[in-house]
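Worksheet: one structure, shown below.
The values are calculated or read from the model by the stated rules, or taken from the named source; none is laboratory data. Everything numeric here is computed off the predicted structure, so don't read it as measured data. FYI the Cβ positions are ideal-geometry reconstructions off the backbone, even for glycines, and counts take in every protein chain you see. Accessible surface is based on the protein model in full, side chains and every heavy atom, while ligands, DNA and RNA are left aside. Shrake-Rupley method; radii C 1.70, N 1.55, O 1.52, S 1.80 Å.
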Amino acid sequence: MIMIVKLEFMYESDSEYMSCPAKVGRNVRKLQRQFDKWIYDRNNKHPYWVIADEDEEGNEIYGVCFNAEAFVYWLNDVKFVKRKKIAKLIDKPADPPKKKLRF
């Protein structure tokens with residue numbers, strides 16, 4: 001069974017939608033907390049790091065810049081790497097989403 005999840009971002013007006021197995025969808029809030037820890041951990045090398053500023057000594061200060069694609073990437077290539085792709089972004093679904101995440 002497939003579940004649709006609506007993904008909203010604070011500074012974006014459009015929402016994105018993800019389809020995933022219902023088993024994953026039921027735990028999507030817990031997965032979002034794990035994703036947040038992963039994406040903001042400076043030890044993780046991922047393409048979502050951006051240079052945000054420099055300190056007084058000229059050292060780069062990093063931040064993250066991501067969208068729904070990053071969450072889907074994490075689900076497929078980090079969290080559930082040993083399984084086939086379990087999540088994908090979709091166009092606006094015909095049926096209302098069962099869950100909603102805000103980033």
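Brief remarks on what is shown
- Qualifying residue in region 59-76 (condition: part of a helix (DSSP H, G or I), open to solvent by 50 Å² or more (accessible area, probe 1.4 Å) and of a type in the set (D, E, K, R)): yes
- For region 1-41, the set of residues classified as hydrophobic (A, V, I, L, M, F, W, C), farther than 18 Å from Asp77 by Cβ and either touching a His at 6+ places or on another chain (Cβ under 8 Å) or assigned to a helix (DSSP H, G or I) (or both) consists of Ala22 only.
- Pairs meeting the criteria (first residue in region 1-16 and open to solvent by less than 40 Å² (accessible area, probe 1.4 Å), second residue β-branched (Val, Ile, Thr), beta carbons under 6 Å, at least 6 apart or on different chains) are Val5/Val28.
- In region 29-43, the residue that is nearest to Lys98 (Cα to Cα) out of those that are surrounded by 14 or more Cβ atoms within 10 Å (Cβ to Cβ) and polar (S, T, N, Q) is Gln32.
- Taken together, Glu69, Glu60 contain a single residue that is closer than 14 Å to Asp14 by Cβ and of a type outside the set (Lys, Arg), which is Glu69.
- Check on Arg83, surrounded by fewer than 16 Cβ atoms within 10 Å (Cβ to Cβ) and without any contact (Cβ under 8 Å) to a residue 60 or more places away in the chain: yes
- Any chance Glu12 is acidic (Asp, Glu), closer than 21 Å to Arg102 by Cα and at pLDDT 95 or above: no
- Tallying residues that are surrounded by 12 or more Cβ atoms within 10 Å (Cβ to Cβ) and either farther than 18 Å from Ala22 by Cα or of a type in the set (Lys, Arg) (or both) within region 86-103 yields 5.
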